[in-house]
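These notes concern the structure reproduced below.
Rule-based calculations on the coordinates, nothing more; no lab input. Quantities reported herein were computed from a predicted structural model and do not represent experimental measurements. Every residue, glycine among them, receives a Cβ derived from its backbone with ideal geometry; neighbour counts consider all protein chains shown.
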Amino acid sequence: MNNSPAVDHRLYQVLAQTSRKKTKNKKRILFFDRDAFADNTKYLYLHMVKNPQLECIWCTWNEAVYDMLQKHHLPVHLLVKNNDETINLLLEAQIAIFCVNPHHSLHKNWSYFACLEGAKHIQLWHGISVKNLLLQLTPHFSMTIPDFGTSLAWASRADYVLSTAEILNPYWREVFGCDNIINASYPRNEVLLRKITPLELLGAKLDARTMKGLASKRKKIFIAPTWQRFDSTDLLSREMLTQILQYTSKNNIDVFIKTHPYRAVNFDSNALKINNFYFIDAETDVYPFLNKFDALITDYSSIMFDFLLTKKPVLTLDIAPGEHANFEPNYTLLPISSNFRYKFTRDNIISMLHQALFKDEQAVDREQAVASLYPADNVNACQKLESLIIDILKDIAN
């Protein structure tokens, strides 16, 4: 069943041609995310918006995000507010910066995508991956599925793609079909290594109980499942969570869980009556707090690689090739050894977690992984990217 919006092909052609020919606002840079205020685009936007020589605007469909940014006097545009205003804003954009597929950021709106045809697209993406992504997926899905084919076409429109290390460049070229690779660190990882600014806490609001839990001196583990295209993995099974909660309760360890925005699961921490369990809303930006956890548990989320910068243990679900999906997880995509992680199953999760927390033997492996995957300056990623983007603006002008 196709649930995509109807496409006005005539209007698409008109807007795309207009966008290609129209003189741009030479300073206008638009930033997009999902529907939250988070991820790599958030941190780069907050850095670049301070540059008076640029016109940086956050674009959102979310009225709560729009109101929040307006309250703090940050340039923001509500895409759904006025169609003509949105079209004109997009038509005059010199650069559009994404951290997820434009198909998601633009809510599958063909007209708005057409309006960005004349802009340069910069794709920051949202993490190093052990998934086959985008153009790598054509052998696994039919290109006649409208949403699948469109998402590939829109994402591969990228003019520039961010890669945190040269050894990852071939992977990102294959994923996006783009030869213009930008080597720099992820903007979101800065807050793992430096003090957080007040504006960086926007979109990262936690309830009082969770904040109190994060401030405690008890050990804390963070559970972060990845998005699943099909069935969920064992990570959130009742058996797995029961074991984890029983062990952590006995050992005075707190458990925090955040599901993926595309597969949100709602827990009521108070209703569960489990004193050491905390649920973080799927749309909340957790990066300002990520370095407060003592270990990360995931199936195979890309957050595992960013978490390595905290120097804390990473535990990943041990999934045999083809056991879950025939195209993910695929650790052979990594150009490094995968010894940086503790591999667990339902049968040994407690012994692996205990070892990671109290008898950790993988610190050197994690350090080597960081050196390979994040060789650039991780504290000044935004500054480096701003400089590269200004160079792109100069190239356009010439």
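Table for the structure above
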| quantity | calculated |
| --- | --- |
| Over the chain, relative contact order from alpha-carbon pairs under 8 Å, at least 6 apart, % | 17 percent |
| Whole-number percent relative contact order across the range 283-398, with pairs defined as alpha carbons under 8 Å at least 6 apart | 24 percent |
| Estimated dipole of the chain in Debye, rounded to 20 [Cβ of Lys and Arg +1, of Asp and Glu -1, Cα centre] | 780 debye |
| Packing-based exposure ordering (other Cβ within 10 Å, fewest first) of Asp285, Asp159, Asp391 | Asp391, Asp159, Asp285 |
| Gained length - His140 relative to Thr332, 0.36 nm times residue gap less alpha-carbon distance | 67.4 nm |
| Ranking of Leu78, Leu168 by count of other Cβ atoms within 10 Å, fewest first | Leu78, Leu168 |
| Over the chain: helical MRE at 222 nm, DSSP H runs n ≥ 4 each giving -39500 (n - 2.57), nearest 500 | -10000 deg cm²/dmol |
| Cβ-based net charge around Thr60, under 15 Å, with every Lys or Arg adding one and every Asp or Glu removing one | -4 |
| Gyration tensor (alpha-carbon) shape descriptor, the range 1-145, a/c threshold 1.5 | oblate |
| Choice from Ala371, Ala114, Ala215 showing the highest fluctuation, given a GNM over the chain with Cα pairs closer than 10 Å | Ala215 |
| Partner lysines for Lys21 [C-alpha distance under 22 Å; skip if fewer than 8 residues away on the same chain] | Lys120, Lys394 |
| Of (i) 28.3; (ii) 20.7; (iii) 19.7, the label for mean projected area of the Cα convex hull in nm² derived from the coordinates | (iii) |
| Given charges at Cβ of Lys, Arg, Asp, Glu: the chain dipole, positive-most of Phe327, Ala114, Ser216 | Ser216 |
| Gyration tensor (alpha-carbon) shape descriptor, the range 162-318, a/c threshold 1.5 | prolate |
| Antiparallel bridge percentage (DSSP; both residues within the range 206-373; nearest 5) | 5 percent |
| Proxy reagent accessibility, fewest Cβ within 10 Å first, across Arg188, Arg229, Arg157, Arg20 | Arg20, Arg229, Arg157, Arg188 |
| C-alpha center-to-center spacing [the range 103-163, the range 21-43] in angstrom | 16 Å |
| For the range 384-398 versus the range 340-377, the gap between their alpha-carbon centres in whole angstrom | 38 Å |
| Loop-located chymotrypsin sites (Phe, Trp or Tyr not before Pro) in the range 142-229 whose Cβ has at most 15 other Cβ within 10 Å (DSSP) | Trp227 |
